[in-house]
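Working notes, beginning with the structure itself.
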Amino acid sequence: MIGLPLVAGGAAQADGPPLLDAGRLPYLSDAGRADYGRFLLQPTPRVFALAPDGAWGWAAAIEDDPAATEARALENCRRWGGQACTVYARDLAVVWPGLEARPPATPARPLAGGTGWSLQPDGRFLWQGPAQARGAYLWAHGRSPGGADSRGSQPQPHVRAFNNAGYDVIRLDRDPVTDETEAGAAWMREALRLLRRQGYARVVAGGQSRGAWNALQALEEPGLADAIIAIAPAAHGPRGSAAQAWALDDLKRIVDAAQSRGTRVAVANFAGDEFDPDPVARAAILSGLAPRSGGLLLLDRPRGITGHGGGGDWRFTFGYAGCLLDFAEGRRDRCAGE
């Protein structure tokens, strides 16, 4: 399953951002246009290059260096026999001569915030604003056991499927100095309330690790989110941490407290996750969300994807990004393989 840049229901975004219109690219075959769809799910920096003879190539996040990423994309195009390879798209912009298209500006200032947190539009994603956007995807980062500052970190690539379908992407950035679990949960709830007041038609709360844990905690208040996407939720440190002894009990308390029956919940667990004390018991506890929510999609240890960071694996992106979008909006069109 590949989450191509299509709106829900499968129709191309004819009036959407030019970047997302694969039909605008000159010279490309159908295979090239399909690969452009994969490119649109990549993190930035990213570059797509093509040549008049129909060859193409792309690259993303090479050492987090825009110049190195562009050089790799052009090299990949030439490796496929391309002559006169030229950059078509760079990050969110189309730069091909005669077809140039820049994205709308993303607000630079936080939408809201307080001591220890801020609600920050992410400029690495296309922005429309609450009046035009299909919805808002609120992303919450994890919390490093070593106290590293994760503010500003790029949301996982599956979020691109939502952005390509018209969702604004907004980060819940948390200061590691004050980022305790219950504080993070309170900030999550306040951020979701604010996005509702902003007027977004749909609100999705997602996150990885501690961010995912906080997103699940939001289920105790009905109506905060239309969907929750929890990727490797955790809040008790890696195996060997003293807190792991009560990790499953705390997870069960979250499930028992959930009372948002209109909210669809997707959870992804990965094999070999050092923050998961007991994969079988954990999956059994999470299954209790089914009758307490608007529907549960449990991606329990999908094949070939391992580790706490499995949500950032390209196999997860290509396999489940479109599925998560469909599920969040009440469909399972691309979830046949879960």
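The values are calculated or read from the model by the stated rules, or taken from the named source; none is laboratory data. Note that the structure is predicted; figures quoted are calculated from it, not measured. Note that each Cβ is placed from the backbone with ideal geometry, even for glycine, and that neighbours are counted across all protein chains shown.
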The range 244-258 - residue that is surrounded by fewer than 18 Cβ atoms within 10 Å (Cβ to Cβ) and modelled with pLDDT under 95 and, of those, farthest from A225 (Cα to Cα) | A245
State whether the residues of the range 219-239 include one that is of a type outside the set (S, T, Y) and either free of Cβ contacts under 8 Å to residues at least 24 places away in the same chain or not assigned by TED's automatic domain parsing to the domain that holds W187 (or both).
-> no
Only one of R303, R315, R332 is closer than 17 Å to I228 by Cα and surrounded by fewer than 17 Cβ atoms within 10 Å (Cβ to Cβ); which?
-> R332
Among the strands (runs of 3 or more DSSP E) lying completely within the range 102-161, list those that include at least 1 residues that are of a type in the set (S, T, Y) and more than 19 Å from the chain's Cα centre (by Cα).
-> none
Residue count for the range 34-78, restricted to those that are among the hydroxyl-bearing types (S, T, Y) and touching a residue at least 60 places away in the same chain (Cβ under 8 Å) = 1
Please enumerate the residues belonging to the range 289-309 that are in contact with a strand residue (DSSP E or B) (Cβ under 7 Å, 6 or more places away or on another chain) and farther than 17 Å from A215 by Cα.
-> D300, R301, T306
In the range 194-216, what residues are crowded, with 24+ Cβ neighbours inside 10 Å and assigned to a helix (DSSP H, G or I)?
-> L195, R210, G211, A212, W213, N214, A215, L216
Within the range 235-244, identify whether any single residue is part of a loop (DSSP other than H, G, I, E, B), aliphatic (A, V, I, L, M) and closer than 24 Å to G330 by Cβ, and answer yes or no.
-> no
Exactly one of R160, R174 is more than 20 Å from P43 (Cβ to Cβ), touching a residue at least 40 places away in the same chain (Cβ under 8 Å) and basic (K, R), and that residue is R174
Criterion violated by E221 - all others in (1) under 25 Å from the mean Cα position of the chain (by Cα); (2) of a type in the set (D, E, K, R); (3) within 14 Å of P145 (Cβ to Cβ) satisfied | (3)
Quick one: T115 ticks every box in (1) β-branched (V, I, T); (2) free of Cβ contacts under 8 Å to residues at least 60 places away in the same chain; (3) exposed (fewer than 14 other Cβ atoms within 10 Å of the Cβ) bar one, so which box is it?
-> (2)
Given (1) of a type outside the set (K, R); (2) closer than 23 Å to G311 by Cα; (3) touching a residue at least 24 places away in the same chain (Cβ under 8 Å), D250 misses just (3)
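Of all residues in the range 177-186, how many are in contact (Cβ under 8 Å) with a residue 24 or more places away in the chain and within 19 Å of T263 (Cα to Cα)?
Looking only at that region, the number is 1.
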